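Structure, as structure tokens:
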Amino acid sequence: MPTLRQARVAEMIKRDLSEILSKDVGDPRVALVSVTDVEVAQDFSIAKVFISVMGDEEEKKGAMKALRNGAGFIRGRLGSMLELRTVPMLVFRFDEGIERGVRMFEVLREEKAFAASLQPATEEELAAVREAMAAEDGDK
């Protein structure tokens, strides 16, 4: 569980990093990058930055490469925006949670479409099931 200070610093990094990526980084590979979360180490030396990238696998790899290559520049810009003695080293990671959520949503949508395609049971079918269940209960 992060301390209150860690949570505050993480939120400041997330806010400022999102601004830097949208305004200051000129690399088109980071145009579709979103910062989803930041976790700061207890000693504030490292910040894990979780990102989401819109696009295919090739675009995701390109965005990650651009972020890692530009980490020094991004850290320097972040240092001028934050009021911290030392700026944490930035470690970029993909946020798999969003992709899992999208996939889960797609599965639920497919299940809903499948359920809608099913025909409702007729009264005769329901009566037969009720009789079978009553017969099972009578046997016990």
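No value in this document is a laboratory result; all are computed from the given coordinates. Quantities reported herein were computed from a predicted structural model and do not represent experimental measurements. Note: ideal-geometry Cβ built from the backbone for every residue, glycine included; neighbour counts use all protein chains shown.
Would you mind telling me the antiparallel percentage of the DSSP bridges in the chain, rounded to 5? Please report the intermediate quantities before stating the final value.
Details: 7 of 13 bridges.
Close to 55 percent.
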So how tilted is helix 96-117 from the main axis of the chain? Cα-based, degrees 0 to 90, rounded to 10. 20 degrees
Give Lys14/Lys112; Lys23/Lys65; Lys23/Lys60; Lys61/Lys112; Lys65/Lys112 a once-over and call out the pairs whose C-alpha atoms are over 29 Å from each other. Lys14/Lys112; Lys61/Lys112; Lys65/Lys112
Listed residues Asp95, Asp16, Asp27, most fluctuating in the chain (Gaussian network, C-alpha, under 10 Å): Asp27
222 nm [θ] for the chain, helices only, -39500 (n - 2.57) per DSSP H run of 4+, per residue, to 500? -20000 deg cm²/dmol
Label-point separation, Glu11 to Glu59 (7 Å along Cα→Cβ), nm: 3.1 nm
With a ≥ b ≥ c from the Cα gyration tensor eigenvalues, square-rooted, and the rule rounded for a/c under 1.5, otherwise prolate when a/b > b/c and oblate otherwise, the chain is prolate
Between Thr122 and Glu19, what is the label-to-label distance in nm when each label sits 7 Å out along the Cα-to-Cβ direction? 6.9 nm
Could you list which residues have their amide H under 5 Å from that of Met89, counting only those 5 or more apart in sequence or on another chain, with H placed in the peptide plane? Ile46, Ala47
